[in-house]
Amino acid sequence: DGGITQSPKYLFRKEGQNVTLSCEQNLNHDAMYWYRQDPGQGLRLIYYSQIVNDFQKGDIAEGYSVSREKKESFPLTVTSAQKNPTAFYLCASAGFSSYNEQFFGPGTRLTVL
Amino acid sequence: AQKVTQAQTEISVVEKEDVTLDCVYETRDTTYYLFWYKQPPSGELVFLIRRNSFDEQNEISGRYSWNFQKSTSSFNFTITASQVVDSAVYFCALSEAGYGGATNKLIFGTGTLLAVQP
């Protein structure tokens, strides 16, 4: 089945720890995106990547880092510098032929204890 | 700057009622795309529709219909004869259309929570 997988579904972290969220797609899409969702605030873009080994900051990149070493994978690291990391994180991908339509993964809910 | 406004935070209806979700957008681009996504309680966003700025024809898909009006910068979504399974958060989104299409970001509204009561 083609799609986007995110793991884990639920993640708990202690304050001061870095944590990495996984995102993998087998849709052969070039572009990948990370969003953060907080209650009542919709989705906000953290980072996006249009091609392997290249990525750009979105609207709320501070405290986050990414890598894009493979086309299929776009992991997001939430660092200890992120002041309020508890949120729902969604990964998406899009192909050049899809006219900006983004396909979303099931999400990871991160809770800082 | 691009912006999407969904003024309705929450809507509650009784099953079989019709309901319209409003979406107003702002952009200086002449070429752009508009989208609606559904987010059920499971959390994953499900694509519903894409519209480009040159196509103002309204669209109907089963119980769903969309009204795109450039004159009022609106892209409203109507569910006819609502069902409990329609309960979800619905997001409207905007994207500029550039070369390659897929490289451009989506600007999301804050979403409308629709609760359909049995």
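The values are calculated or read from the model by the stated rules, or taken from the named source; none is laboratory data. Only a predicted model underlies this, so the values are computations on that prediction, with no experimental measurement involved. So basically every Cβ, Gly included, is an ideal-geometry build from the backbone, and we count neighbours across all protein chains shown. Surface accessibility is based on the protein's heavy atoms, side chains included, excluding ligands, DNA and RNA. Shrake-Rupley method; radii C 1.70, N 1.55, O 1.52, S 1.80 Å.
With Cα atoms as the point set, the radius of gyration and Dmax of chain A evaluate to 13.2, 42 Å.
Which of rounded, prolate or oblate describes the stretch A:1-44 when judged by the alpha-carbon gyration tensor and an a/c cut-off of 1.5? Oblate. A 1.4 Å probe run over the protein chains yields, for chain B, 49 Å² of accessible area per residue, whole-number rounding. Take the Cα of A:ASN28, step 7 Å toward its Cβ, do the same at A:ALA61, and the gap between the two points is 3.0 nm. Taken along the Cα-to-beta-carbon direction at a fixed 7 Å, the label points for A:ASN18 and B:ALA7 span 4.7 nm.
Heavy atoms of the protein chains alone define the surface here; on that basis chain A has 48 Å² accessible area per residue at 1.4 Å probe size. Structural descriptor for the stretch A:27-113: relative contact order 28 percent, calculated from alpha carbon pairs under 8 angstrom and at least 6 residues apart. If you bin all the Cα-Cα distances of the stretch B:37-118 at 10 Å, starting from zero, the percentages per bin are 16, 46, 32, 7, 0. Per residue of B:44-56, other chain Cβ atoms within 10 Å of the residue Cβ number 3 on average. The label point for B:VAL24 and the one for A:GLN41, both projected 7 Å from the Cα toward the Cβ, are 2.4 nm apart. Expressed in Å, the radius of gyration and Dmax of the Cα atoms of the protein assembly as shown are 17.7, 52.
Within a Cβ distance under 11 Å of A:VAL52, other residues only, what is the Lys/Arg minus Asp/Glu net charge? The partial results should precede the final answer.
Values: positive: A:ARG68, A:LYS70, A:LYS71; negative: A:ASP30, A:ASP54, A:GLU69, A:GLU72.
Around A:VAL52, the charge tally is -1.
Shielding value for A:101-107 is 6, the average number of Cβ atoms from other chains within 10 Å of each residue's Cβ.
For the stretch B:1-79, what does the alpha-carbon gyration tensor say about shape, rounded, prolate or oblate, given a ≥ b ≥ c as the root eigenvalues, a/c under 1.5 as rounded, and a/b over b/c as prolate? Walk me through the numbers before you get to the answer.
On the way: a/c = 1.70, a/b = 1.52, b/c = 1.11.
Cα axes put the stretch B:1-79 in the prolate bin.
Shielding value for B:15-22 is 0, the average number of Cβ atoms from other chains within 10 Å of each residue's Cβ.
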